[in-house]
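The values are calculated or read from the model by the stated rules, or taken from the named source; none is laboratory data. Since this is a predicted model, take the numbers as computed values, not measurements. Cβ: placed from backbone, ideal geometry, glycine included. Neighbour counts: every protein chain shown. Note: accessible area is taken over every heavy atom of the protein model, side chains too, but ligands, DNA and RNA are not part of it. Shrake-Rupley method; radii C 1.70, N 1.55, O 1.52, S 1.80 Å.
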Amino acid sequence: MLAKQPQSKALHWLGRQLFNTNKPETFLDPLVEQINPMWIQEYTPARVEQVIQDTSDTKTLVLKPAGRWPGFEAGQHVNICVEIDGVRRQRTFSLSSSPILWQETGRINLTIKRLPGGLVTNWIHDHLETGAVIGLGDAFGDFRIPEPVQPVLFIAGGSGITPILSQLETMAAQDYRAPVTLLYFVRTGQDIIAREKLEALTRRYSALTLEIIPTHEGATPRFLNDRDLDSVPGLTARQVYLCGPKGLMDLAGDLLAARGIGENDIHSTFFSAPAADLGDAPLGGEVQFANSDLAASSEGDASLLDIAEASGLNPRHGCRMGICHQCSCRKTSGTVINRLTGKASGPGEETIQLCISIPRGPVSLDL
Ligand code: FES
């Protein structure tokens, strides 16, 4: 009964689209037939047109979304939905191509690094092939190119380069006329993602200065330092964009703050959830999923999303790291700890994000 409801709703929606006479070419897309009908309200079908091996652990998917996909801005993210062993899985990735490419060709790129133990990234690397159809959500995020035109410093680490690639391709295409510097930190020369694209960008976009810095090729690790920042002309007048591992982002934030660059001029996004100090108070508790008539108990720092999934529920979600808000859910009682900030919620009713909320004691949810 529970499973039947959304399916009939989705089929009803699909029926309405097929009989929409205003723009039939938008809806009579053969891709629609290749996606699970239960996904259709949330996701646009997108065909995998090409799979490119960038580095030993990074692949770029070239996707062609169906015509109804609304597009994106450089630096934004999307959720994708795939079915693995009969279970629908969603994850968030940054678009690595320019919106201009999408406007011209209808194609977009997602550049995806294999994560150790990552269920979805490993499946994508091992099983997703050209010709497959996946679900694509609408783009979101405000990691956007500054307007009006201003000098920019990008600091990227590892696969944190992906949204910045989209931004640089767009700035080059728009001939964004201000000094732009990219400091790109990689473990070794083998780990440079999109090396050829970056080299081509520096050739055709003269405003761009690119510095690729391997961190683990010498006898001791070599991280971002004051000399790197000294090498950026007019640093304090720049808008700074950070994307990379937490250690790099924290270090960059500290070095920039010491030079008087304030939070308003620093824009950051992350590709794995930074973890706050969660304190010593014991975590976990009894979770009531009131709408499903289910209860589960947890210990340690498992998120409410993990607990719900382990209980057989499949709450809506995307990024699993607090960015997309798709997992927002009403808590009716109980205290949760925010994994990103370490802060405790109030004890009463409020909307929380399941993926970054850890119960501390009994919690009841409208789920
Ligand atoms: S799944 Fe994206 S914020 Fe929770």
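Side notes on the structure shown:
- Enumerated strands (runs of 3 or more DSSP E) restricted to the range 181-277, each holding at least 1 residues that are closer than 30 Å to residue 355 by Cβ: 239-243, 266-269
- Unmet criterion (only one of (1) away from the ligand (no atom under 15 Å from the Cβ); (2) in contact (Cβ under 8 Å) with a residue 12 or more places away in the chain) for residue 346: (2)
- Residue that is surrounded by the most Cβ atoms within 10 Å (Cβ to Cβ), among those in the range 116-132 that are touching a residue at least 24 places away in the same chain (Cβ under 8 Å) and part of a loop (DSSP other than H, G, I, E, B): 128
- Filter result (away from the ligand (no atom under 13 Å from the Cβ) and either among the basic types (Lys, Arg) or closer than 28 Å to residue 250 by Cβ (or both)) within the range 317-335: 330, 331, 335
- Near pairs, Cβ below 6 angstrom, 6+ apart or cross-chain, from the range 311-334 (open to solvent by 60 Å² or more (accessible area, probe 1.4 Å)) to any residue that is hydroxyl-bearing (Ser, Thr, Tyr): 330/351
- Residues of the range 99-147 that are within 17 Å of the chain's Cα centre (by Cα) and of a type in the set (S, T, N, Q): 109, 111, 121, 122.
- Matching residues, the range 91-115, being farther than 18 Å from residue 141 by Cα and part of a strand (DSSP E or B): 113
- Search result, residues across the range 230-260 that are under 17 Å from residue 179 (Cα atoms) and over 27 Å from the mean Cα position of the chain (by Cα): 230, 231, 232, 233, 234, 235, 236, 237
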